[in-house]
Each structure stands twice: as C-alpha cells, then as structure tokens.
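Peer 1: Dumping the structure here so I can ask a few things about it.
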Amino acid sequence: MSREDASNKYQEHSEAWNATVDSIRLLDNHRTFLHPTPFEKLREAAEESSVVIVNISDQGFTAIIMYESRNPFCVPLPEVTPTTIEALVRTLENIMTDFPEESERDQILAAIL
C-alpha cells in the first residue's frame, strides 16, 4: 500500500470514528462521552466519598484525591509501575469501602500513597 493510500485509509477510519462518537454524544446522558469528567462532576461524586484519580502518563504517576469541600490533594507516585497500579487500585477500592469516616480514610490513604 502506498503512503498516500495509507493516509487516505487512515482519514476514512478517523472520519468514521468521529461520526460514531458524535452519534453517541447525541444520546440521552451521553453528551460527554469520551470527554474528561468535568471538575464539577468529580466534586459531586466526592459528596458521598473521596474520589481518587490515578493519573498515568509518560512523565510518571500521580494520585489526585478529590474531596467534597476541600481542594484536591496531589500525591506524586515516583516508584509506581503499571503492575503496582493494579494492586493500588484494588487497595484503594477496599479502603473506600472499609472506612466510611473521611478523616480516618484520609489518614490511611496518605500513609499508603
């Protein structure tokens, strides 16, 4: 396949993808499909319990803890690998379930992270 043919094929697939995503966003309650979750929605979720977001990028790993009434707290995770992230997610899920009191949960989260 020539470079031009490959480019045209890529363009076709890209346009089909965008059309599919646009059609999904027209459905009820799917307006933000594949968009980052807005800060306000995360804050709403934190009304019931702290929200922990693990940011994974080429620059490294960071945990962001969202609270209902405080500013987010950022914790760098310099020694984390993809394998340890999987274990960390399971641990965080258990903490969020096992410790309903925010202050107690925060102390445990800070110690782990």
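Peer 1: Just checking, which of Ser2, Ser14 is surrounded by 10 or more Cβ atoms within 10 Å (Cβ to Cβ) and farther than 25 Å from Leu88 by Cβ?
Peer 2: After applying the criteria, what remains is Ser14.
Peer 1: Another question, if that's okay. Inside region 50-61, can you point out the residues that are within 11 Å of the chain's Cα centre (by Cα) and among the polar types (S, T, N, Q)?
Peer 2: Asn55
Peer 1: Only one of Ser7, Ser50 is among the small types (Gly, Ala, Ser) and touching a residue at least 24 places away in the same chain (Cβ under 8 Å); which?
Peer 2: Ser50
Peer 1: Would you call Asp22 farther than 21 Å from Pro100 by Cβ, open to solvent by 90 Å² or more (accessible area, probe 1.4 Å), out of contact with any His (no Cβ under 9 Å at 6 or more places or on another chain) and not hydroxyl-bearing (Ser, Thr, Tyr)?
Peer 2: Criteria not met by Asp22.
Peer 1: Could I ask something else about it? For region 10-31, give me the residue count where each residue is aliphatic (A, V, I, L, M) and assigned to a helix (DSSP H, G or I).
Peer 2: 4
Peer 1: Taking interchain pairs and intrachain pairs at least six residues apart, which have beta carbon atoms under 7 angstrom, with the first residue in region 79-100 and within 17 Å of Phe61 (Cβ to Cβ) and the second in a helix (DSSP H, G or I) and open to solvent by 60 Å² or more (accessible area, probe 1.4 Å)?
Peer 2: Correct list of pairs: Thr91/Ile112.
The values are calculated or read from the model by the stated rules, or taken from the named source; none is laboratory data. Note that the coordinates shown come from a computational prediction; the quantities given were computed from them, not determined experimentally. So basically every Cβ, Gly included, is an ideal-geometry build from the backbone, and we count neighbours across all protein chains shown. These area figures cover heavy atoms from the full protein model, side chains too; ligands, DNA and RNA do not enter into them. Shrake-Rupley method; radii C 1.70, N 1.55, O 1.52, S 1.80 Å.
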